[in-house]
Amino acid sequence: MPTLYSLWIVGRNGGLLYSRDFVQLPPIEFNDKLRLASSWFGMCGISAQLSPVPDSSGIQLMQADTFDLHSFHTLTGTTFMLLTEPHTPDAAELLRTTVYELYCDYVLKNPFHEMDQVIKSELFDQNLVERCQAINRRWGVGA
Amino acid sequence: MFQSRGSAGIVDKPFRQGRQEISLSSFAYLFSEMVQYCQSRVSNISELERKLDEVGYGVGLRLLEVLCYRERGQRRETRLLDMLKFIHSTLWRYLFGRQARDLEQSNSAEDEYMISDTDLPVTKFVSVPREMGHLNPAAFVAGIVRGALDGAGFPARVTAHYVPVAGQPRPKTVILMKFNAAVMQREQRMPGG
């Protein structure tokens, strides 16, 4: 069943700025999350350098047996990671449009947010969870 | 005689009519920067509120003038209720493209009026951190209202508040106006008041 699992946002220097689960998931220690996020950030950087072709964007999608990891790098260096059930349709699109739009609206336009600081915007949280859970519900997944 | 032929002087041109709309995003970014600018120059929340109010005050004074010329045929309201309607409809429509949702008199005090609205462009994208408590970025709008009222001869204390609405996820913004005693006395002396 297609499902959106969780969203992570990694800042320009590899720090985890935000993470949110959309369904019940086994918890990960906060420190582990920080480590995983910065490792992924590093791997994306390495993958871009490994590319035999110039101007590679790095890893965009990692597919495993049990999940897909969609990764989206903005021009300004923020990395969005969306974990989904394998072969969840339109996840890359969702990341590039809906999630990025919400980030621009409720995080960047919020005067109390500082770049590369942890995201505390209530409105971002509310709207993101609402939208993603609505998508999950459409696929028949409860919260 | 100082005028070159073919081009009219600035006072001969009709006052520019019509509305000019700007992108909500660019306004939101500009407003966000303005709040950050103010924030870097104050040490506490009430000072920040006052600073936003001061910025709005200048806007309000000028808006009163331009709207009286442009939309009111060079007439300015002299009665309290008419002035409040002017703020509620004409000023609001100019600023936000629609009327404010409600205009009402306070139950507790004769000299207090409230304009309430939801989803103002100044609050739409802003999440006020918990440690900032009661701050409402619409203090800027409160400043605009105070400027317009003051310019028209209705000095008042104007403040902006968040008020939760039952059944709604987002609170509404209430602009509370408390008029000076002199305004209320004058209003009572006027015919029909």
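The values are calculated or read from the model by the stated rules, or taken from the named source; none is laboratory data. Bear in mind that the values here come from a model prediction, so they are computed numbers and not experimental data. Here the Cβ positions follow ideal geometry from the backbone for every residue, glycine too, while neighbour counts run over all protein chains shown. The area values use the complete protein model at the heavy-atom level, side chains included, leaving out ligands, DNA and RNA. Shrake-Rupley method; radii C 1.70, N 1.55, O 1.52, S 1.80 Å.
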Can you compute the modelled spin-label distance between B:Arg98 and B:Val66, with each label point 7 Å from Cα toward Cβ, in nm?
2.3
Give, as a single signed number, the net charge of other residues whose beta carbon lies under 13 Å from the beta carbon of B:Cys68, with Lys and Arg counted +1 and Asp and Glu -1.
+1
A student asked for the Cα radius of gyration and Dmax of the protein assembly as shown in angstrom ought to give 25.9, 86
Using the Cα centre as the reference, give the magnitude of the dipole from point charges on the C-beta atoms of the protein assembly as shown (Lys, Arg: +1; Asp, Glu: -1; all else neutral), rounded to the nearest 20 debye.
1380
Treating each Cα of the stretch A:4-138 as an identical point scatterer and ignoring solvent, apply the Debye formula and state log10 I(q)/I(0) at q = 0.15, 0.17, 0.22 Å⁻¹.
-0.73, -0.95, -1.59
Calculated FRET value between B:Glu112 and B:Gln74, using beta carbons and R₀ = 25 Å, to 0.05:
0.25
Compactness summary of the stretch B:24-189: radius of gyration and Dmax from Cα atoms, Å, are 15.7, 47
Most fluctuating of B:Ser106, B:Ser32, B:Ser40 in the GNM of chain B (C-alpha, under 10 Å) is B:Ser40
Got a sec? Charge dipole of the stretch B:24-189, +1 on Cβ for Lys and Arg, -1 for Asp and Glu; which of B:Gly151, B:Thr90, B:Val42 is way out at the positive end?
B:Thr90
For every helix of n ≥ 4 consecutive DSSP H residues, a contribution of -39,500 (n - 2.57) applies; sum these over the protein assembly as shown, divide by its total residues, and give [θ] at 222 nm rounded to the nearest 500 deg cm²/dmol.
-11500 deg cm²/dmol
How large is the charge dipole for chain A, taken about the Cα centre, if only the Cβ atoms of Lys, Arg (+1) and Asp, Glu (-1) carry charge, to the nearest 20 debye?
100
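Quick one: buried accessible area between B and A, total over both chains, 1.4 angstrom probe, nearest 100 Å²?
On the way: alone 12040 and 8440 Å², together 19120 Å².
Looking at B and A, the buried total is near 1400 Å².
Calculated FRET efficiency, B:Gln20 and A:Ser51, Cβ-Cβ r, R0 45 Å, to nearest 0.05? Walk me through the numbers before you get to the answer.
On the way: r = 47 Å, r/R0 = 1.04.
So, using R0 = 45 Å, E works out to roughly 0.45.
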If the elastic network links every pair of Cα atoms under 10 Å, which of B:Ala182, B:Ala156, B:Ala139 fluctuates the most in the Gaussian network model of chain B?
B:Ala182
Would you look at the GNM of chain B, springs on alpha carbons closer than 10 Å, and say which of B:His134, B:His161, B:His88 moves the most?
B:His134
Hits among lysines - C-alpha to C-alpha of A:Lys33 under 30 Å, sequence gap 8 or more where chains match
A:Lys109, A:Lys120
If I require 27 Å or longer along the helix axis, counting alpha carbons, and a Kyte-Doolittle average no lower than -0.5, what helices from chain B are left? Use full DSSP H segments.
B:45-71
State the answer as a single residue: which of A:Pro2, B:Val141, A:Ser57 lies farthest towards the positive end of the charge dipole of the protein assembly as shown, with beta carbon charges of +1 for Lys and Arg and -1 for Asp and Glu, about the Cα centre.
B:Val141
Which residue, A:Gln24, A:Ala91, A:Val129, has the largest displacement toward the positive end of the dipole of the stretch A:4-138 when charges sit on each Cβ (Lys, Arg +1; Asp, Glu -1)?
A:Val129
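What's the carbon and sulfur percent of chain B's accessible surface, probe 1.4 angstrom, rounded to a whole number?
Details: 5870 of 11380 Å².
Taking all protein chains in place, chain B shows 52 percent carbon and sulfur surface.
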For B:Arg62, B:Arg98, B:Arg50, give me the order by solvent-accessible area with a 1.4 Å probe, most accessible first, ignoring ligands, DNA and RNA.
B:Arg62, B:Arg50, B:Arg98
